[in-house]
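The values are calculated or read from the model by the stated rules, or taken from the named source; none is laboratory data. Every value quoted in this text rests on a predicted model; they were computed, and no experiment measured them. All Cβ positions, glycine included, derive from the backbone under ideal geometry; neighbour counts span all protein chains shown.
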Amino acid sequence: MKNSMSLLLAGLLVWGTVSVAAAETNTANQYNVFQSGRYLKTITGYEQAYAYAKLWDHASIVRIAGNVWVWDNYPKYRVYQYDRMLREYETQQSAVEYAKLWDHSSVRSVANNSWVWDNYPKYRVYQYDKLLREFRTFQDALVYAKLWDHSSVRQIADNQWVWDNYRVKTLVLDPGHGGSDPGAIAADGTQEKVLTLAYGLKTRDELLKHGYNVVMVRETDVAVDPYATDTVKELQARVDFSKKSQAHLYVSLHANSFSNANTNGTESYYNSTNKYDGSVNPFPEQSKQLASVLHKHTLQAMSTADRGVKDSDFYVLRKNTVPAVLIEIGFLTNLTDLAKMKDETYQSKFAEELASGIDEYFAIVGR
Ligand SMILES: [Zn+2]
């Protein structure tokens, strides 16, 4: 507390090049009065400062010389029930004693608003929509939730699901590109946006048969955000579907291209690192798991060369709010890959395999 007050004072008292000795002479009998962390007034004479400070709640007096806290009436701890503040205390001990009289209470340090004691649940376990119990840690909530069928765990703070074994799973399918953006173009004129949409629609139909709720980022040849003035806005519009639809996961479909026509095969991507702006997908392990399962099934469907599962900081992966995967099904610039990708039999096989892959993923992670 004293340290944070010192920092605060350091910010207020800018002495510039004035020597410390001169400054102390000037301020030998001067005091700063604060309310909570807010500076009120500088007063000469301790008695005068004291008389002034007493007029305020949560007041304190700091002697400018040496920056010493000389008197205070400033509570250091607050007792809460859930997020409702109940009372303030000078000492942690008295705050905790009071907090123990209440359910769902906690004690927070005023200085940095951090919990110093806590009997405040952060997670709720549900069966269907019925609340079963509350827990302080995700780990405890998860252990309990797994004892029940159709259970889920929600974070109290934002009422978001953090684990669930009961809702119909919602998947976001993103057929890459669209509208004025054709993506890559093959030598025969085949556009990536046309192929990704064909794969997306067939995959959607198959996922519906498997009992999933499917949200398509686009179902026709359009840009997702028709007003987007740059690529980032268009990609963000795609990412926003995950959050809007409270999706469980996101799959983006693309086709690759390269200057060398011999280059071929399937690549799958997830995100767990970012060299640029630091934003990383919040579910790197699940994303990697999802990528490897879907990659395996894509290879089974397409009989393409295995170019591996890779960590990438693609925007739609790193900015996503759910486990996210991007599949480059094959190379438009390779004649063998292109022939397969255009073939409706391969498209249907891909859709079936992808749906089986999603089943497999949920069987592994259970959410
Ligand atoms: Zn693409």
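Numbers below:
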| item | result |
| --- | --- |
| Filter pass, residue 171 being aliphatic (A, V, I, L, M), touching a residue at least 12 places away in the same chain (Cβ under 8 Å) and crowded, with 22+ Cβ neighbours inside 10 Å | yes |
| Filter result for the condition that a residue is at pLDDT below 90, loosely packed, with under 15 Cβ neighbours inside 10 Å and not in a loop (DSSP other than H, G, I, E, B), over 70, 143 | 70 |
| Segment 36-67: number of residues that are in a loop (DSSP other than H, G, I, E, B) and in contact with a helix residue (DSSP H, G or I) (Cβ under 7 Å, 6 or more places away or on another chain) | 3 |
| Members of segment 191-213 found to be more than 16 Å from the ligand (Cβ to nearest atom), over 17 Å from residue 348 (Cα atoms) and crowded, with 19+ Cβ neighbours inside 10 Å, listed by number | 212 |
| Number of the exception - residue 269 against (1) away from the ligand (no atom under 16 Å from the Cβ); (2) outside any helix (DSSP H, G or I); (3) of a type outside the set (D, E, K, R) | (1) |
| Residue among 82, 126 that is in contact (Cβ under 8 Å) with a residue 12 or more places away in the chain and touching a strand residue (DSSP E or B) at 6+ places or on another chain (Cβ under 6 Å) | 126 |
| Sole residue being crowded, with 16+ Cβ neighbours inside 10 Å, part of a loop (DSSP other than H, G, I, E, B) and touching a Pro at 6+ places or on another chain (Cβ under 7 Å), chosen from 321, 304, 333 | 321 |
| Matching entry among 164, 188 (being among the acidic types (Asp, Glu) and either within 16 Å of the ligand (Cβ to nearest atom) or within 25 Å of the chain's Cα centre (by Cα) (or both)) | 164 |
| Candidates 179, 183, filtered to the one that is at positive phi, surrounded by fewer than 18 Cβ atoms within 10 Å (Cβ to Cβ) and within 16 Å of the ligand (Cβ to nearest atom) | 179 |
| Qualifying positions in segment 238-258 - within 26 Å of residue 184 (Cα to Cα), more than 16 Å from the ligand (Cβ to nearest atom) and in contact (Cβ under 8 Å) with a residue 12 or more places away in the chain | 241, 242, 249 |
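Per-residue answers, yes or no, for (1) charged (D, E, K, R); (2) assigned by TED's automatic domain parsing to the domain that holds residue 320:
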site: 95; (1), (2): no, no
site: 100; (1), (2): yes, no
site: 112; (1), (2): no, no
site: 140; (1), (2): yes, no
site: 151; (1), (2): no, no
site: 156; (1), (2): no, no
site: 187; (1), (2): no, yes
